[in-house]
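Report on the following structure.
The values are calculated or read from the model by the stated rules, or taken from the named source; none is laboratory data. Nothing here was measured: the structure is a model prediction, and the numbers come from that model. Virtual Cβ from ideal backbone geometry, glycine too; neighbours counted across all protein chains shown. We work out accessible area using only protein heavy atoms, side chains counted, and drop any ligands, DNA or RNA first. Shrake-Rupley method; radii C 1.70, N 1.55, O 1.52, S 1.80 Å.
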There are 2 protein chains.
Amino acid sequence: LSDDVVATDPTTIALHSADMPGLRAGQAVALVRARTTEDVSTTLRIAHETRTPVVPQGARSGLAGAATAIDGSILLDLSEMNRILRIDTSDRAAVVQPGVIVADLQAAVEAHGLFYPPDPASADRATIGGTIATNAGGMRCIKYGVTRDSVRSLQIVLADGTVARTRPATIKGVAGLDLTSLIVGSEGTLAVITEATLSLIPAPGRPRGVTATFASLAEAFAAADEIASGHRLPATLEFLDGVALTGVRMVQPELAIPHDAVAWLIAITDAHVGAEDDLASYEAAFRAHGARTVMRAETPEELAVQLTARRALNPALNAIRGGATHGDLAVPRSLLRDLAVLADELSAETGLPISLAGHIGDGNLHPTVIYDPEDPAQVELAHVTSAKLHELAQAVGGTISGEHGVGVVKLGSVDGELAPALREIQRGIKRIFDPLGILNPGRKL
Amino acid sequence: LSDDVVATDPTTIALHSADMPGLRAGQAVALVRARTTEDVSTTLRIAHETRTPVVPQGARSGLAGAATAIDGSILLDLSEMNRILRIDTSDRAAVVQPGVIVADLQAAVEAHGLFYPPDPASADRATIGGTIATNAGGMRCIKYGVTRDSVRSLQIVLADGTVARTRPATIKGVAGLDLTSLIVGSEGTLAVITEATLSLIPAPGRPRGVTATFASLAEAFAAADEIASGHRLPATLEFLDGVALTGVRMVQPELAIPHDAVAWLIAITDAHVGAEDDLASYEAAFRAHGARTVMRAETPEELAVQLTARRALNPALNAIRGGATHGDLAVPRSLLRDLAVLADELSAETGLPISLAGHIGDGNLHPTVIYDPEDPAQVELAHVTSAKLHELAQAVGGTISGEHGVGVVKLGSVDGELAPALREIQRGIKRIFDPLGILNPGRKL
């Protein structure tokens, strides 16, 4: 590897050792800023020969700690492999390197009248490789699915440095086992992604939305249910609860959220035709279930303003007492009510506010326990309570991670929802891909 | 296992030993008609203890021979586990046993205003379990994806009889590796599916279509390209070439296909709103690229008549000389022209007509070599030529199976499109799931 690709000085390594959860990072031995698939292959070949752990990294914007440095590891930074290699309008496909920023790809395909649906909240900094490795979600999944649904084929580098393509880049194909989907969401534990062929769709229409506030959670859930199970599937259906709205009022008083509102919904359509009828039907559902306020967002500017309530969720929650756990769970949508009741009970028991905001359209919420970071008892109680909330999700048939991933943050609780036999199978699959256990060891599985 | 679940008499076994390709079946030792997951578990436990091969079977309508009896095997028939356990409009999900017929599920969810998109040509006899095990396609994939895209979670029985659920039945979830997608399309080699939670979507509008005929293949390809890469994505976009039309004229003279037509397309919309504009745009694309005849199908009856040309493809091809190979390949759509040129060359070389009809919208065609079954030289030449066509598809970056599967029919050629390292990984995964190799051995991998 050439000198300008490898860094071993402690300062550079330290600057690349953390990701979003801010966990204590291990001490890596080197940083490789790969520029080519060959760089990745060479790095893995050397790592394999020397049994050195490798931590693949994109933008390090992941929320589960899967890209945090490991002691003695090589940090394999893919962010400089950031070229869009091809946009093919006939095949409706894009071929990209893993370091391309999601928003950059979105903009590039838009210029061809096409659309790349995955849109995680971190789209303006997250890389395609990172979002594939975590099977990232976001606010458009109710209509367009998750990142996996847009991945046609991957070029990967295996643990020993071998370069391979998971499948031909056709739309349909059943010649092999679905290794592509197996790599998607595997958080760098099975292989390193060096190129992706992604499915694009025709550009949708201009997004327009309706927001509403409610004086009861039950009314908001009923309205969301009517919209999500109805015929006019929105592109986005998001939810804020009373605790989240308390925070929103603090950080965004200009939104003038009514003081008696304990629930907020936004439904967005991006239909080319029938958008007006979509909006009317969302508005009718809101009003039929007792919305106190209903507001249209017809222009991109109005929509952006309305969405700030949702987009500023984390700062809003942090504003209440200074500290907030950040959760991610999913349940079958019909069980959201049960989850809300359980969260209420936990809040009453602990005296800590609990928010259940998020992607209500697909049952993926980001439960948050609010605490005072200056009070050690509250800090501990908040994290214990957050863990309980996730266990509750598992208990009602849900998952402790809808979209953020497992990384190290949720490693302790992930086994709670997988049959022991399948845990063993997962570990067996890991051994097949990575017999020496050098690929992001101790993460995901 | 109770006596009424197990049959060991040779006649009953013989009646359950063949599937569609009509390959010479092995001699199975028993037929188990499972009625419960426990029956399946008991069967696999016994098979595991006695190292007996197990051939899972649905309707035995598969085209790749994956359900043909193996010598000394247990035939594990799932077709009597045919109950729809739940249709949940709030979660837009159906929970079904594997023996449910696809068309029965389609009808049942339709009564709730919902829609199960997968629609293989065999929908009126194929089972849900079989279509999941083969990741079945059909005529609606261009808009709705393949069977995998509708599978949320599976209950499976592992090789040793252990019952497990692949993941929680949430819409989103990244806690584990994607074992669900791994089971989908694995043709009974990794586990036996005993229950499926399927995603449903809001019922689309009434399907309406436009058909067109062309005097050149290039014109038809250009028209298909414009429609498939445009903004008004059809629910179905199908293609017949000149050879196929020759057969259609023979078996369906009432369709009055023009004598100079060498290509036929149908584009169908099922949009609730904008359907008229969709049809107008398809019609405009057909006319812009030189269509000789254009015909609307506005009512279900008219559409059914127009579709008979496509649905009767196999009888039509058989009518020409009496014999026809039945192929299944997929290429990136932009490479269809190259494939057609190569097929033409092969036809000229061999003197055998070659048809390239099928799902042009997603690049999945069913190439067919026409032969006289009374002429042994033609029979052999036809099969060699069919194999060459599939190899050509691989050579241009495609696959030898878009939707039919590998089974035993394509086992010899499947490795041509997978990197050697990934073949080994696939076999490793097989060993992890099925260390004794009792699950449908010798198929798929």
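What lysines sit close enough to B:Lys430 to cross-link, taking a C-alpha to C-alpha distance under 21 Å and skipping anything fewer than 8 places away on the same chain?
A:Lys430, B:Lys410, B:Lys444
Where Lys and Arg each count +1 and Asp and Glu each count -1, what net charge lies around B:Asp104 among other residues with Cβ under 14 Å from its Cβ? It would help to have the intermediate numbers written out before the result.
On the way: positive: B:Arg83, B:Arg125; negative: B:Glu80, B:Glu110, B:Asp119, B:Asp124.
Local charge sum for B:Asp104: -2.
How big is the convex hull of the Cα atoms of the protein assembly as shown, per residue, in Å³? Could you put the intermediate results ahead of the total?
Values: hull volume 144.5 nm³, N = 890.
Spread over its residues, the Cα hull of the protein assembly as shown gives 162 Å³ apiece.
Note the buried accessible area between B and A here, summed over both chains, with a 1.4 Å probe, in Å² to the nearest 100.
Values: alone 18730 and 18710 Å², together 31220 Å².
Roughly 6200 Å².
Average the reciprocal distances over every distinct pair of alpha-carbons in chain A, invert the result, and give the Kirkwood radius in Å. Show your work: numbers first, answer last.
Working: mean 1/r = 0.0439 Å⁻¹.
Across chain A, the inverse of the average 1/r is 22.8 Å.
Please give the peptides A:294-305, A:427-438, B:404-415 ranked by average Cβ packing (other Cβ atoms within 10 Å per residue), highest first, as a rough proxy for protection.
Details: A:294-305: 14.6, A:427-438: 17.1, B:404-415: 21.2.
Taking the mean over residues of other Cβ atoms within 10 Å, the ranking is B:404-415, A:427-438, A:294-305.
Do me a favour and compute the ellipsoid semi-axes for segment A:106-213 from its Cα gyration tensor, root of five times each eigenvalue, largest one first, whole Å.
Details: eigenvalues 151, 48, 32 Å².
Taking √(5λ) for each Cα gyration eigenvalue gives 27, 15, 13 Å.
Taking beta carbons within 10 Å but only from partner chains, what does the mean come to for residues A:334-347?
Working: counts 6, 3, 1, 0, 0, 0, 0, 0, 0, 0, 0, 0, 0, 0.
Mean shielding count: 1.
7 Å from Cα along Cα→Cβ at both A:Arg83 and B:Ala111: what's the point-to-point distance in nm?
Each label point lies 7 Å from its Cα, and together they span 5.8 nm.
Using θ = phi - 60° and the Karplus form 6.51 cos²θ - 1.76 cosθ + 1.60, what ³J(HN,Hα) does each residue of segment B:280-289 get, whole Hz, x for Gly and Pro?
Those phi angles translate into 4, 6, 5, 4, 5, 5, 4, 5, 4, 9 Hz.
So, in nm, how far is label A:Arg45 from label A:Glu349 when the simple model puts each one 7 Å beyond its Cα toward the Cβ?
Placing both labels 7 Å beyond Cα along the Cβ direction yields 5.6 nm.
Over all distinct Cα pairs, what is the inverse of the mean 1/r for segment B:165-320, reported as the Kirkwood hydrodynamic radius in Å? Before the final figure, lay out the partial values.
Working: mean 1/r = 0.0559 Å⁻¹.
The answer is 17.9 Å.
Assuming R0 = 25 Å, can you tell me the calculated FRET efficiency for the pair B:Arg287 and A:His272, based on Cβ-Cβ distance, to the nearest 0.05? Display every interim value, and only then the final one.
On the way: r = 22 Å, r/R0 = 0.88.
Computed FRET efficiency for B:Arg287 and A:His272 comes out at 0.70.
Averaged over peptide A:180-193, how many Cβ atoms belonging to another chain are found within 10 Å of each residue's Cβ?
Numbers: counts 2, 9, 7, 2, 4, 7, 4, 2, 0, 1, 2, 2, 0, 0.
Mean shielding count: 3.
Once you order the gyration tensor axes a ≥ b ≥ c over the Cα atoms, which shape class does segment B:395-445 get: rounded for a/c under 1.5, otherwise prolate or oblate by comparing a/b with b/c?
Values: a/c = 2.76, a/b = 1.52, b/c = 1.81.
Since a/c reaches 1.5 but b/c is at least a/b, the shape of segment B:395-445 is classed as oblate.
Over all distinct alpha-carbon pairs, what is the Kirkwood Rh of segment B:101-157 in angstrom? Don't skip to the end; give the middle numbers.
Working: mean 1/r = 0.0869 Å⁻¹.
Taking the inverse mean of 1/r over all distinct Cα pairs, segment B:101-157 comes out at 11.5 Å.
Can you give the calculated 222 nm mean residue ellipticity of chain A, where each DSSP H run of n ≥ 4 adds -39,500 (n - 2.57) and the sum is split over every residue, rounded to the nearest 500 deg cm²/dmol? Write out the running numbers ahead of the final one.
Details: 14 runs with 150 residues, N = 445.
It comes out at -10000 deg cm²/dmol, rounded to the nearest 500.
In A, who owns the beta-carbon nearest the axis carrying A over to B, and how many Å from it?
Of all Cβ atoms in A, the one closest to the rotation axis yields A:Ser181, 2.
If you average over every viewing direction, what projected area does the convex hull of the Cα atoms of segment A:292-445 give, in nm²? Spell out each step's value before the answer.
Working: hull surface 49.7 nm².
Reported value for the Cα convex hull: 12.4 nm².
Just to confirm my numbers, what's the Cα centroid distance between segment A:44-91 and segment A:230-258 in Å?
So the two Cα centres are separated by 36 Å.
Keeping every protein chain in place, order A:Lys172, A:Lys143 by accessible area at 1.4 Å, biggest value first, i.e. largest first. Let's see the in-between values first.
Numbers: A:Lys172 5, A:Lys143 80 Å².
The ranking, largest first, comes out as A:Lys143, A:Lys172.
Can you give the net charge of the other residues whose Cβ lies under 13 Å from the Cβ of A:Thr89, counting K and R as +1 and D and E as -1? Walk me through the numbers before you get to the answer.
Values: positive: A:Arg86, A:Arg92, B:Arg333; negative: A:Asp88, A:Asp91, A:Glu110, B:Asp225, B:Glu226.
The answer is -2.
In what sequence, largest accessible area first, do A:His390, B:His326 appear using a 1.4 Å probe? Write down the numbers at each step before the final one.
Details: A:His390 15, B:His326 95 Å².
The residues order as B:His326, A:His390, largest area first.
Suppose the chain between B:Ala419 and B:Leu436 were pulled fully straight at 0.36 nm per residue; how much longer would it get relative to their current alpha carbon spacing?
Details: separation 17, 0.36 × 17 = 6.12 nm, distance 2.49 nm.
Contour length minus the Cα-Cα distance gives 3.6 nm.
Give me the distance in nm between label points sitting 7 Å out from Cα along the Cα-to-Cβ direction at B:Glu298 and B:Glu374, one decimal.
Placing both labels 7 Å along Cα→Cβ, they lie 4.8 nm apart.
What does the copy distance list look like for A:Glu345, label position 7 Å along Cα→Cβ, in nm and ordered from shortest?
7.1
Compare the peptides A:231-243, A:206-218, A:111-123 by average per-residue count of other Cβ atoms within 10 angstrom and give them in order, highest first.
Working: A:231-243: 23.1, A:206-218: 21.3, A:111-123: 19.8.
Sorting A:231-243, A:206-218, A:111-123 by mean packing, highest first, produces A:231-243, A:206-218, A:111-123.
Is segment A:33-105 best put as rounded, prolate or oblate by its Cα gyration tensor, with a ≥ b ≥ c the root eigenvalues, rounded for a/c under 1.5, and otherwise prolate when a/b is larger than b/c, oblate when not?
Values: a/c = 3.20, a/b = 1.70, b/c = 1.88.
Judged from the Cα gyration tensor, segment A:33-105 comes out oblate (a/c at least 1.5, b/c at or above a/b).
Let me make sure I get this right: for segment A:17-74, a, b and c are the square roots of the gyration tensor eigenvalues over alpha carbons, sorted descending. Under 1.5 in a/c it's rounded, otherwise prolate if a/b > b/c, else oblate. Which is it?
Numbers: a/c = 2.72, a/b = 1.53, b/c = 1.78.
Cα axes put segment A:17-74 in the oblate bin.
With a probe of 1.4 Å, find how much accessible area chain A has per residue, and write the answer as a whole number in Å².
Working: 15600 Å² over 445 residues.
About 35 Å² of surface per residue is accessible.
How charged is the neighbourhood of B:Leu63? Take every other residue with its Cβ under 14 Å from the Cβ of B:Leu63, and add Lys/Arg as +1 and Asp/Glu as -1. Don't jump to the answer; show the numbers that get you there.
Values: positive: B:Arg60, B:Arg125, B:Lys410, B:Arg443, B:Lys444; negative: B:Asp19, B:Glu187, B:Asp328, B:Glu403.
With Lys, Arg at +1 and Asp, Glu at -1, the net is +1.
Give me a comma-separated list of calculated 3J(HN,Hα) values for segment A:227-237, in order, Karplus coefficients 6.51, -1.76, 1.60 applied at θ = phi - 60°, integers in Hz, x for any Gly or Pro.
Along segment A:227-237, the couplings run 6, 5, 9, x, 8, 10, 4, x, 6, 8, 9 Hz.
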